[in-house]
Amino acid sequence: MIHVAVIHRRYIELILAGKKTAELRLTKTRGAPHGRISPGERLYFKQASGGVRATAVVTRIETCDALTPERIERLERSTAETVLAGCEFFAARRHANYASVIHFERVEACRSGPDFAAERAANPRSAWLILPDDADVYPGCVA
């Protein structure tokens, strides 16, 4: 499978600069990517209200279920240097039940990305899309 993560511009810039090396998803429900992503899979980063700007390869996944505010605080401390989320991110998600930390490497800038129009139409508010392997456009998409 390949994955498309929708993230804010500032985080894409940090990814492209090599400073942000993991993506964190904190959710109330057990939705994608929780339990649906594996090392070796390709990850694309789509800028919110923009296009696909980067791609990387997933190296490691950490998941947590049954989160508590205390466990979220520990997660904030343990991911501070890789996720670069900031305390306001964690404060807004202090009631999350699930966490997925997706570590990645081999980041490359993209000039285009996979066609995810059908998946986006089916899930217009989703910030994480999962596509079949045959939707991958790598390496032709890199800048």
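Averaging sequence separations of C-alpha pairs under 8 Å and six or more residues apart, then dividing by the length of the chain, give the relative contact order as a whole percent.
RCO, the chain: 35 percent.
Counting pairwise Cα distances across region 61-117, what percent come out greater than 13 angstrom?
Here the tail beyond 13 Å accounts for 68 percent of pairs.
Can you send over the solvent-accessible area of Ser112, 1.4 Å probe, protein chains only, in Å² to the nearest 10?
The accessible area comes out at roughly 50 Å².
I'd like the per residue volume of the convex hull spanned by the Cα atoms of region 15-112, given in cubic angstrom.
Enclosed volume per residue, from the Cα hull, is 102 Å³.
Only bridges whose two residues both fall in region 1-57 count here: according to DSSP, what percent of them are antiparallel, nearest 5?
45
Could you run the Karplus curve 6.51 cos²θ - 1.76 cosθ + 1.60 with θ = phi - 60° over region 19-30 and give me ³J(HN,Hα) per residue in whole Hz, x for Gly and Pro?
Taking θ as phi minus 60°, the curve returns 8, 9, 10, 8, 10, 10, 10, 10, 9, 7, 10, 7 Hz for region 19-30.
Two-decimal Rg/Rh of region 39-82 from alpha-carbon positions, Kirkwood Rh?
When Rh is taken as the Kirkwood radius, the ratio is 1.09.
Run the quick spin-label model on Leu16 and Thr68: label points 7 Å from Cα toward the beta carbon, then report their separation in nm to one decimal.
4.2
Add -39500 (n - 2.57) for each DSSP H run of 4 or more in the chain, then divide by its residues: what number comes out at 222 nm, to the nearest 500 deg cm²/dmol?
Counting only the DSSP helices, I get -7000 deg cm²/dmol.
Want the number for Arg125 to Ala143: 0.36 nm per residue separation, take away the alpha-carbon distance, what's left?
Contour length minus the Cα-Cα distance gives 3.7 nm.
Per-residue accessible area for Thr55 at 1.4 Å probe radius, Å² rounded to 10?
It works out to around 0 Å².
So if I take the centroid of the Cα atoms in region 76-143 and the same for region 1-63, what is the distance between those two points in Å?
2
How many percent of the accessible area of the chain is carbon or sulfur, using a 1.4 Å probe?
Looking at the chain in its full context, I get 49 percent from C and S.
The values are calculated or read from the model by the stated rules, or taken from the named source; none is laboratory data. Everything numeric here is computed off the predicted structure, so don't read it as measured data. Note that each Cβ is placed from the backbone with ideal geometry, even for glycine, and that neighbours are counted across all protein chains shown. We work out accessible area using only protein heavy atoms, side chains counted, and drop any ligands, DNA or RNA first. Shrake-Rupley method; radii C 1.70, N 1.55, O 1.52, S 1.80 Å.
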